[in-house]
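K.L.:
I'd like to ask some things about the structure below.
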Amino acid sequence: MMKKLLLIVILMMTLPLFVVEANGVPYLTFTYSSTNGRFVYTQDAYIPLSRKQTFEDITLDNPQDITFDENDIMYIADRDLGIILVYDEINQTTKTIGEGILEGPTGVHVGFDGHVYVADFITKKAYQFAPNNDDTYNLVQTYEKPLNSPFFSDDDPFDPTKITTDNANNVYVLLAGNINGLAQYKNDGTFFGYFGGNSIPASWQNTVTFLFFDEETRRNLFQIIPDPVYNIATDQDGLILTTTKGLDGYLKLNIANFVLNRSVWGFDNNEDLFVGPYETIFSVTSEGYIVEYGPDGSVLFIFSGTDTSNIQGLFQGPTSIAVNSKSQIYVLDNQTASLQVFVPTSFANLVHSAIELYQDGRYVEALEPWQQVLEQNALFDLANQGLGDAYFAEMNYEEALYYYEVARNQQGYSDAFWEVRNDVLLNSGAFIIVFLFVVLLFSIGGKYLKLNDILLKPVKVVNEKIKDYQLIKELKFGFYLMTHPVDGYYGIKRENKASYLSATIYFLLFFIMYLIFIFETNFLFNPLIRSQIDIFEQIISIFLPYILFVLANYLVCSIRDGEGSFKDVFVATSYSLLPAIIGLPLMTLISQGLTLNEAFLFDFGMLVIYVLTGFYLVMMVKEIHYYEMKATVGNILITIFTAIMILVVVFIVYLLLGEVVQLFLDIIREVTVRG
């Protein structure tokens, strides 16, 4: 969300500075880099070509939707004109559909059968028109509110806004504000249910209300209902895409009504979307920003924006977007009652040609165009993905590894690493045998020739010199505590086996190991992006919970008959982190040799770290304060609650102090002005 707001702010700040250059582009173009987790400037992908309002003797009034057929014939639904405008750009001819039938068309679609489908908001119906040989269209089917259906009561509204079809010519009608999804009809007008509705977000609040309240209460009292779908499109395979106000990007659904694909990133105020000739998805937002996505949902280009000075290429009230077979973009604007056209640049055409080869599975042929794309923008995600696939197809797995990592393609990286690892193991057979033989030799030598004593003698000498230092004893005590937790915590509490210094060292070691873990763990198991890691945020995320836990636990135990002092709690908590101090770097190292097929090993290792650390923290509270287990669990729960309350109180005090400071500043400013 913050990245999206940042992009909008950047665009809004730069728009007033734009002057239409020689190439006629009054905006900047961005792409999204998964490697850096941020937006980056890229070459212009599309430039504005024209703005049109009149088609022969017909002038647009309130255009709502636009689409193309396979011959690049344009269809525009104009709500106030009450017609579908059909325009042939090549022959410069205009026709209309629906005169005398339509009253307020807001959606138009050309099906796989070549028929024209229209949604009319005013008549509360949807229509199917079939072309005749004389270039006219006949009404052949009407889609309206079902009667005697369990899905509709007499009072339920039926307000069609958009319409589309699949490759079986089933009809999907989008109803304004309907939370159930798209009304689905057979081509003959038979209604048979809903499709593509949004689900309720799986938040903690929603989970609790689902457990304790019935559906009517959830809807009426808590207003927990799905967001209604706002617009729809169909791809070349007949799969339905939906976009929803308040939800990022788009969703692509399969025939079983499950999400097949979704955008990697997206705005949450899309007005319309359209699938172009290379299976790239285009969307336009209410602010006028146009986004082109790759077939996999990655962001290719973001451009255009809000028009405040009647500049061609920007928009005041965009309503619909469509793309013809030449990848030319057409966008309707109902505020200016106009149609704007954008043409692709050589850079966009290069990307599209590479995508075409990529989609056809011709990865090796796509290698050269992808390389040309990266020469112009090294952070172009889909190009890195394409090069990874190309090198993988050539069995150049090491090169594929690099590009998959840049594109953050986990599955591709895992598959390539599997091949690299197998190759290393096969070529290292002799080395492995020699290594095992040496280990066996030393095992036998250690037993009979006392080689271990000879090899470990330097270590023993160093140990003899430092073992009497108090700090060394305290640090070594942590390993004793791991194998004897009851005696260990007793030693901390009663025998002063540890100090503030040793505890601080252990905690700082934990933080260092944590940093190593988040920076160096294989990205297959690490969602964090190195360049996006904020050290200050990490310090807060580790130090603050630690301090709050120690303080809250001491305060709670002080009033609940706990025997531990603040020092005991502080020291014992730090020593309880030793499993994580040992485990995190170990898991970082192990992750370097695993693929997604062995992810369960990494997950199991992390689970062991969490369980052991949790176990020692529970034992710490129990033994330091001399509680029974039931009292220990209660104490931990109250400790967590107290820590949260401390945080809330500090935040409230911070806000109040801010208001007080602001009051004094206002008084000083007022006195200064009047003086």
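K.L.:
For F151, what charge total do you get from the other residues with a beta carbon under 14 Å from its beta carbon, if Lys and Arg give +1 and Asp and Glu give -1?
P.N.:
Spelling it out: positives minus negatives among the neighbours equals -3.
K.L.:
If I model a spin label as a point 7 Å beyond the Cα along the Cα-Cβ vector, how far apart are those points for M645 and V364 in nm?
P.N.:
The answer from the label model is 7.1 nm.
K.L.:
Now for a separate question. Which of the peptides 629-638, 428-437 is most tightly packed, and how do the rest follow, judged by the mean count of other Cβ atoms within 10 Å per residue?
P.N.:
Result, highest mean first: 629-638, 428-437.
K.L.:
Additional query: Which of the peptides 148-156, 351-359, 408-416 is most tightly packed, and how do the rest follow, going by the mean number of other Cβ atoms within 10 Å of each residue?
P.N.:
Per-residue Cβ counts within 10 Å, averaged per peptide and sorted highest first, yield 351-359, 408-416, 148-156.
K.L.:
Take the eigenvalues of the Cα gyration tensor for the chain, scale each by 5, and report the square roots as semi-axes in whole Å, largest first.
P.N.:
Whole-Å semi-axes of the equivalent ellipsoid: 60, 34, 26.
K.L.:
If I model a spin label at V140 and E563 as a point 7 Å from the Cα along the Cα→Cβ vector, what separation in nanometres do I get?
P.N.:
Result for the modelled spin labels: 8.9 nm.
K.L.:
Pick out the long, greasy-scoring helices in the chain: whole DSSP H runs spanning 30 Å or more along their own axis by Cα, mean Kyte-Doolittle at least -1.0.
P.N.:
Helices meeting the criterion: 535-558, 599-625, 629-674.
K.L.:
On to the next question. Relative to the present Cα-Cα distance, how much length would full extension add between I433 and K326 at 0.36 nm per residue of separation?
P.N.:
32.4 nm
K.L.:
A follow-up question, please. FRET efficiency for V264 and R421, Cβ-Cβ distance as r, R0 = 45 Å, nearest 0.05?
P.N.:
That pair, V264 with R421, gives E of 0.95.
K.L.:
Something else now. How much net charge surrounds M482 when only the other residues with a Cβ under 15 Å from the Cβ of M482 are counted, with Lys and Arg +1 and Asp and Glu -1?
P.N.:
Charge balance near M482 sits at -1.
K.L.:
Still on this model: All other residues with a Cβ under 11 Å from the Cβ of N597 taken together, and with Lys, Arg as +1 and Asp, Glu as -1, what is their net charge?
P.N.:
Every neighbour counted, the sum reads -1.
K.L.:
Another question about this same structure. The range 247-375: D in µm²/s via Stokes-Einstein (Kirkwood Rh, Cα pairs, 37 °C, 0.692 mPa s)?
P.N.:
212
K.L.:
Something else: Go ahead and collect, in residue order, the members of the range 132-160 whose backbone nitrogen is under 19 Å from a label point 7 Å along the Cα-Cβ direction of T93.
P.N.:
Those under the cut-off are 132-138.
K.L.:
Using the C-alpha gyration tensor of the range 556-629, what are the square roots of 5 times its eigenvalues, in whole angstrom, with the largest one first?
P.N.:
After scaling each eigenvalue by five and taking roots: 34, 12, 6 Å.
K.L.:
Hey, got the dipole for the chain? About the Cα centre, +1 on K and R Cβ, -1 on D and E Cβ, debye to the nearest 20?
P.N.:
I would put it at about 4160 debye.
K.L.:
Provide the FRET efficiency to the nearest 0.05 for the S541-T59 pair, computing r from the beta carbons and using R0 = 60 Å.
P.N.:
0.50
K.L.:
Separate question: Measure of size requested: the Rg and Dmax of the range 617-672, with Cα atoms as the atom set and Å as the unit; please supply both.
P.N.:
Radius of gyration, then largest Cα-Cα span, for the range 617-672: 20.9, 64 Å.
K.L.:
On to the next question. Can you send over the carbon and sulfur percentage of the accessible area for the chain, probe radius 1.4 Å, protein chains only?
P.N.:
Ligands and nucleic acids excluded, carbon and sulfur give 60 percent.
K.L.:
Please list the three semi-axes, largest first and in whole Å, of the ellipsoid equivalent to the range 44-128, using sqrt of 5 times the eigenvalues of its alpha carbon gyration tensor.
P.N.:
Working from the Cα gyration tensor, I get semi-axes of 22, 15, 13 Å.
K.L.:
Using a probe radius of 1.4 Å on heavy atoms only, what accessible surface per residue do you get for the chain? Whole Å² is fine.
P.N.:
51
K.L.:
Taking every pair of alpha-carbon atoms in the range 369-439, give the share separated by more than 16 Å as a whole percent.
P.N.:
53
K.L.:
Related question: Test of understanding: what is the full-extension gain from S286 to E670, defined as 0.36 nm times their sequence separation minus their Cα-Cα distance?
P.N.:
134.0 nm
K.L.:
Please provide three numbers in whole Å: the alpha-carbon extents of the range 261-303 along the principal axes, with the largest listed first.
P.N.:
25, 19, 16
K.L.:
Within the range 515-621, which trypsin sites (Lys or Arg not before Pro) sit in a loop by DSSP and count at most 15 neighbouring Cβ atoms inside 10 Å?
P.N.:
Counting only loop positions with at most 15 other Cβ atoms within 10 Å, the trypsin sites (Lys or Arg not before Pro) in the range 515-621 are R560.
K.L.:
At 7 Å along Cα-to-Cβ for each site, give me the label-to-label distance between L656 and S50 in nm.
P.N.:
Simple spin-label model gives 6.8 nm for this pair.
K.L.:
I'd like the FRET efficiency for Q316 and N396, computed as 1/(1 + (r/R0)^6) with the beta carbon distance as r and R0 of 41 Å, rounded to 0.05.
P.N.:
Given R0 = 41 Å and the Cβ-Cβ separation, E is 0.20.
The values are calculated or read from the model by the stated rules, or taken from the named source; none is laboratory data. Only a predicted model underlies this, so the values are computations on that prediction, with no experimental measurement involved. Note that we place each Cβ from the backbone using ideal geometry, even for glycine, and neighbour counts take in every protein chain shown. Side chains are part of the model used for accessible areas, which takes the heavy atoms of the whole protein and leaves out ligands, DNA and RNA. Shrake-Rupley method; radii C 1.70, N 1.55, O 1.52, S 1.80 Å.
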